[in-house]
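The values are calculated or read from the model by the stated rules, or taken from the named source; none is laboratory data. None of the values given here were measured: they were computed from a predicted structure. Glycine gets a Cβ as well: all are built from the backbone with ideal geometry, and neighbour counts include every protein chain shown. The protein model used for the area step is the full one, side chains on, heavy atoms only, and it has no ligands, DNA or RNA in it. Shrake-Rupley method; radii C 1.70, N 1.55, O 1.52, S 1.80 Å.
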Amino acid sequence: MLCEDLGNREPWSTSTLNSRLRALRNRLGTDPDGALYVPQRVSKASPYALSDTVRCDWTEFERLAELGVSRGEEGLHYFERALALVGGVPLGEHASSWMVPLRTYMQERIADVAHTLATYRTLAGPHQDFPSARQACAVGLLADSLAEILYRAMLKIEAAAGNRTGLRTAVAHWQDATRHLSEVDTKTQALVDKLLSA
């Protein structure tokens with residue numbers, strides 16, 4: 001099953017899998033106590049596994065996002081720390097087919113966190129910070145360049161800031177990103193029409 005999942009167009013052979021695991025084991029090395037991050041299997045029936053000490057940015061992203069959600073307005077710095085971990089499209093631009101559902105989930109989660117932070121930073125009040133709101137949307141769009149919810153947030157940010165030039169730029173970015181799509185998002189188009197006519 002693992003050979004099938006990892007082989008994008010055709011399953012890996014057992015020797016290819018073992019070779020790749022050896023390379024991964026060598027690359028990751030050992031923890032401070034000398035234990036391998038990719039332990040050797042003790043028998044053919046043993047599962048392939050990573051050490052319990054292996055962590056990834058996604059685990060930390062989710063932890064920080066949950067802290068932000070649980071604290072509401074007082075947890076905005078957790079959302080900002082979570083978004084600081086995002087450096088582009090999750091799992092890379094050319095993920096294997098088995099990664100696509102996970103990447104889609106990650107993109108949706110990143111967009112939700114970015115949108116939540118941008119919303120709080122756009123509202124009038126003590127947490128309003130237009131540059132931070134813009135940055136949240138920009139990071140979210142790095143992860144998912146078609147996240148309509150973030151384009152709508154960008155439009156609202158520029159409108160709330162009274163920035164007509166920024167509004168037109170946000171519209172242009174949305175149009176550029178969605179130009180190749182067969183249909184335009186009606187919610188975003190309605191918002192564009194409303195804000196540009198105001």
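Restricted to segment 64-78, and to residues there that are free of Cβ contacts under 8 Å to residues at least 12 places away in the same chain and either open to solvent by 20 Å² or more (accessible area, probe 1.4 Å) or under 17 Å from the mean Cα position of the chain (by Cα) (or both), the residue that is nearest to V113 (Cα to Cα) is E66. Given the structure, is E183 farther than 18 Å from G88 by Cα and among the acidic types (D, E)? Answer is yes for this residue. When E183 is tested against the conditions (1) surrounded by fewer than 17 Cβ atoms within 10 Å (Cβ to Cβ); (2) among the charged types (D, E, K, R); (3) modelled with pLDDT of 95 or more, the lone failure is (3).
Looking at the structure I just gave you, is T104 without any contact (Cβ under 8 Å) to a residue 60 or more places away in the chain and over 30 Å from A133 (Cβ atoms)? Quick ask: steps written out before the conclusion?
Values: without any contact (Cβ under 8 Å) to a residue 60 or more places away in the chain: yes; over 30 Å from A133 (Cβ atoms): no.
Answer is no for this residue.
Taken as a whole, segment 27-41 holds no residue that is of a type in the set (K, R) and in contact (Cβ under 8 Å) with a residue 12 or more places away in the chain.
Of the residues contained in segment 107-121, one or more are found to be out of contact with any helix residue (DSSP H, G or I) (no Cβ under 9 Å at 6 or more places or on another chain) and modelled with pLDDT of 95 or more. Listed by first and then second residue, the pairs linking a residue in segment 183-196 that is without any contact (Cβ under 8 Å) to a residue 40 or more places away in the chain to a residue that is acidic (D, E) and in a helix (DSSP H, G or I), with Cβ atoms under 6 Å apart and 6 or more places separating them unless they lie on different chains, are D185/E148. Only residues that are surrounded by 10 or more Cβ atoms within 10 Å (Cβ to Cβ) and among the charged types (D, E, K, R) were counted in segment 1-41, giving 7.
Considering only residues of segment 89-100 that are surrounded by 11 or more Cβ atoms within 10 Å (Cβ to Cβ) and not hydrophobic (A, V, I, L, M, F, W, C), which is modelled with the lowest pLDDT?
Here is the first cut: in segment 89-100, the residues surrounded by 11 or more Cβ atoms within 10 Å (Cβ to Cβ) are 89-91, 95-96, 98-100.
Now narrow it down to the ones that are not hydrophobic (A, V, I, L, M, F, W, C): 90, 96.
Values: P90: 94, S96: 76.
Selected residue: S96.
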